Amino acid sequence: MSEDWEGGTLEESGKLENPNYYCSHGTFVGDPYGPDLMCFWCEMGVSDEDYNAHLRWEKLRADAKWGLREELDRAEAALDRGDWMKAKRYIDSASLLHKRIY
Ligand SMILES: [Zn+2]
C-alpha cells in the first residue's frame with residue numbers, strides 16, 4: 001500500500017479523474033507505486049495497432065449485428081402484412097449481414 005491510498009477512498013483521492021493513471025486502453029491502472037492494477041491488453045502485450053484493429057472489428061461487428069436485427073424486424077413486419085416478397089428481401093439482406101459477422 002502506498003501512502004496515496006491511505007486516509008481516503010480511491011474516489012476521494014481524485015486519481016480517477018487524472019488521465020495519467022490510465023493506460024492507452026482507457027483502463028485505470030493507478031500509479032507505478034500503488035497497487036498492481038492490471039489491464040488485460042497491456043498484460044497480453046498487444047500493440048496499439050492490433051488493439052485498434054480489434055476495436056474496428058468490434059465496431060464493425062456491433063454495427064452489423066444492429067443491422068441484422070433491423071432487417072429481421074422489417075422482415076417480421078412485412079410477414080405480418082402478408083408481404084412475402086419484401087420479407088424475403090429483408091431475410092436475404094439479413095443473411096448477407098450474418099455471413100459478414102460470422
Ligand atoms: Zn492497457
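Where a number appears in this text, it was derived from the coordinates with a stated rule and is not lab data. Everything quoted here is computed from the prediction, not taken from an experiment. We place every Cβ from the backbone using ideal geometry, glycine too, and count neighbours over all the protein chains shown.
Hey, fewest Cβ within 10 Å first, where do Asp31, Asp36, Asp48 land in order?
In increasing order of surrounding Cβ atoms, one gets Asp36, Asp48, Asp31.
Using a Cα-Cα cut-off of under 22 Å, which lysines could be cross-linked to Lys86, ignoring same-chain neighbours fewer than 8 residues away?
Hits, sequence-local ones excluded: Lys65, Lys99.
If neighbour count is taken as other Cβ atoms inside 10 Å, put Ser13, Ser24 in order from fewest to most. Let's see the in-between values first.
Values: Ser13 18, Ser24 10.
Ordered from fewest to most neighbouring Cβ atoms within 10 Å, Ser13, Ser24 come out as Ser24, Ser13.
Kirkwood Rh, the chain, all Cα pairs: how many Å?
Working: mean 1/r = 0.0569 Å⁻¹.
The answer is 17.6 Å.
For the chain, find the longest principal axis of its Cα atoms and tell me its angle to the long axis of helix 48-80, 0 to 90°, nearest 10.
30
So how much slack lies between Glu58 and Ser95, counting 0.36 nm per residue of separation and subtracting their Cα-Cα distance, in nm?
11.4 nm
Mean separation of Cα pairs under 8 Å and 6+ residues apart, divided by the residue count of the chain: what relative contact order is that in percent? Walk me through the numbers on the way to the answer.
Numbers: 71 pairs, mean separation 17.8, N = 102.
The normalised contact order for the chain reaches 17 percent.
Against the longest principal axis of the chain, how steep is helix 84-101, in degrees 0 to 90 to the nearest 10, with axes from Cα atoms?
30
Could you pull the Rg and Dmax for the range 47-102, using just the Cα atoms, both in Å?
Reported Rg and Dmax, both Å: 14.9, 52.
What is the range 6-47's relative contact order, in percent, from Cα pairs under 8 angstrom and six or more apart in sequence?
Averaging sequence separation for qualifying contacts and normalising by length gives 24 percent for the range 6-47.
Working out 0.36 nm times the residue gap between Asn20 and Trp84, then minus their Cα-Cα distance, what length gain in nm do you get to one decimal?
Separation in residues times 0.36 nm, less the Cα-Cα distance, equals 17.3 nm.
For the range 47-102, what's the relative contact order in percent, using C-alpha pairs closer than 8 Å and at least 6 residues apart?
Value for the range 47-102: 38 percent.
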